[in-house]
Amino acid sequence: DYLISRRGDLQYYDSTTWVGWYLASEIVANMDIFHSTYFYKHRGDYHLYLGPLWDNDLSFNNAIHFGDQTKVLMANQAFGYSAWFQRIRSDPWFKKACARHFSKLYEGGLDSLMLHYMDSVLEEIRPSVDLNYKRWKIWQLYNQDYYIYTTYDAVLEHVKKFIVERHAFLYRAFRH
């Protein structure tokens, strides 16, 4: 779907993994976008790949460090500010590729897909959720939490609201 820019150092990056990694990190507002990053390269292939995605404990507005992350680009505020990524992000081709791909996702129902998935697994995980709330005092503030909840349903409502507001913000941000 992406055609790599054949000028500068972008020619050495696998554009699919770079655009996908960045968008996935922004979609969930991963504060560790630059702090916990893996790169890899295949023998005989001159491209540098990004991935896999991981370390999402501070995603979905679950970090106290910088306040509400709903309407802030992680590329501008996340841990481990990255000069290498800011250079790539400033490339007109990369900007256009991110805007085009996110628009496709958003207009194709990204919110509905994510919200439906959350609802679809709830019945399956409900017994574990109930045991978790019985076993652990998760209504107390721990480590880096931004919010605390007394029920899992309250967590779900918060995350669902975040998803809808975050994606609307990203849709506007990537188009400008």
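The values are calculated or read from the model by the stated rules, or taken from the named source; none is laboratory data. Nothing here was measured: the structure is a model prediction, and the numbers come from that model. Cβ coordinates were reconstructed from backbone atoms using ideal geometry, including for glycine residues, and neighbour counts include every protein chain displayed. Keep in mind that these areas ignore ligands, DNA and RNA; they rest on the heavy atoms of the full protein, side chains included. Shrake-Rupley method; radii C 1.70, N 1.55, O 1.52, S 1.80 Å.
Listing for the model above:
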item	result
Theoretical gain in end-to-end length, ARG89 to ARG43 [0.36 nm per residue, Cα-Cα removed]	13.9 nm
Lys/Arg +1, Asp/Glu -1 at C-beta; segment 1-129 dipole; positive extreme among HIS116, ALA29, SER128	ALA29
Under 22 Å between alpha carbons - lysine pairs in the chain that sit 8 or more apart or on different chains	9
Contact order relative to length of segment 1-121, as percent, for alpha carbon pairs under 8 angstrom and 6 or more apart	26
Gaussian network model of the chain, springs between alpha carbon atoms under 10 Å - residue of ALA154, ALA78, ALA99 with greatest fluctuation	ALA154
For peptides 22-29, 52-59, 129-136, 162-169, sequence by mean Cβ density within 10 Å, most packed first	22-29, 162-169, 52-59, 129-136
Interchain or long-range residues, amide H under 5 Å from TYR13's placed H	LEU48
Most mobile listed residue (ILE148, ILE125, ILE33) in the chain, GNM with C-alpha springs under 10 Å	ILE125
Charged-residue dipole, Cβ positions (Lys, Arg, Asp, Glu), the chain about Cα centre, Debye nearest 20	640
Å² per residue, accessible surface of the chain at 1.4 Å	59
Hz values of 3J(HN,Hα) by residue in segment 57-74 - Karplus curve (6.51, -1.76, 1.60), Gly and Pro given as x	5, 9, 9, 6, 6, 10, 9, 7, 4, 10, x, 5, 9, 4, 10, 9, 6, 4
